[in-house]
Amino acid sequence: MSGPMRLVVLISGNGSNLQAVLDACHAGQLAAEVVGVISNRLDAIGLERARRASVPALALPPTKGQPRRGYDAALASQVAALSPDWIVLAGWMRVLTTAFLDRFPNRVINLHPALPGTFPGTGAIEQAYAAFQRGEVTETGVMVHLVPDEAVDAGPVLAQAVVPIEAADTLATLEARVHTTEHRLLVGTLIGLARQAEGEKLA
Ligand code: GAR
């Protein structure tokens, strides 16, 4: 790997995690460059965040009736053209098939707002909050993991952090705590990967 680590970030919505990564790059905390942002939704606020940071941003909504593997192959071509070292799924709310994943083995990272093995899919924070109300859990968390296959929000864990749930929490206060934690965990994980790559270069 020569030069700063190249990141392609895939998003579907707000992009607050993308923003945390952009800010860390800008501040020189993270030796990486976001070389492209792609959204499956036209209206993703994160596209605007990318443009504001002068990062190429592309909306790639699936066309009507497009087979999932066809979409994933087209997405993979767009991503490959950006020559990424890592592809970061930061609020990418679409399952990727092997038509995408097999192009980038061990290079796709997902962020999920729950601990490994818990609350996969959408609405993980709501699910944890409801489980807390039922007395089933006392905490939730955040994880960053590799995406080897089509399993949803599962794969070798790179980092995780526990987020306590307080009796006084509303869904909004819990969401805020989870989001703060995930911004930190995602950036921290990427800093670790950049340092590892730097170490390999020097070795
Ligand atoms: C984040 O909480 C992320 O962990 C979650 O979507 C949110 C996106 O927020 N991802 C998943 O639930 C993946 N299953 P953001 O657009 O503000 O970064």
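Miscellaneous remarks
- Subset of the range 117-147 that is surrounded by 15 or more Cβ atoms within 10 Å (Cβ to Cβ) and in a loop (DSSP other than H, G, I, E, B) - its residue that is nearest to the ligand (Cβ to nearest atom): F119
- Top-ranked residue in the range 148-176 [being touching a helix residue (DSSP H, G or I) at 6+ places or on another chain (Cβ under 7 Å) and among the aliphatic types (A, V, I, L, M); ranked as nearest to T138 (Cα to Cα)]: I165
- Matching entry among L58, L42 (being within 16 Å of the ligand (Cβ to nearest atom) and closer than 25 Å to E150 by Cα): L42
- Per-region count, the range 165-196, residues surrounded by fewer than 18 Cβ atoms within 10 Å (Cβ to Cβ) and among the hydrophobic types (A, V, I, L, M, F, W, C): 6
- Within the range 15-37, the set of residues being within 12 Å of the chain's Cα centre (by Cα) and not hydroxyl-bearing (S, T, Y) comprises G15, N17, L18, Q19, A20, V21, V37.
- So T97, is it closer than 20 Å to S16 by Cβ and more than 13 Å from the chain's Cα centre (by Cα): no
- Filtered by the rule that a residue be more than 7 Å from the ligand (Cβ to nearest atom) and either more than 17 Å from T140 (Cα to Cα) or in a strand (DSSP E or B) (or both), the range 107-116 gives R107, V108, I109.
- Meets criteria (over 26 Å from R41 (Cβ atoms), at pLDDT 95 or above and among the basic types (K, R)) for R94: no
- Any hit, the range 155-177, residues being touching a Pro at 6+ places or on another chain (Cβ under 8 Å), aliphatic (A, V, I, L, M), within 11 Å of the ligand (Cβ to nearest atom) and not in a helix (DSSP H, G or I): no
- In the range 97-106 there is no residue that is within 13 Å of the ligand (Cβ to nearest atom) and either surrounded by 19 or more Cβ atoms within 10 Å (Cβ to Cβ) or in a loop (DSSP other than H, G, I, E, B) (or both).
- One residue alone among G36, G15 is closer than 17 Å to Q78 by Cβ, surrounded by 17 or more Cβ atoms within 10 Å (Cβ to Cβ) and in contact (Cβ under 8 Å) with a residue 24 or more places away in the chain, and that residue is G36.
The values are calculated or read from the model by the stated rules, or taken from the named source; none is laboratory data. Just so you know, these numbers come straight off a predicted model, no measurement behind them. FYI the Cβ positions are ideal-geometry reconstructions off the backbone, even for glycines, and counts take in every protein chain you see.
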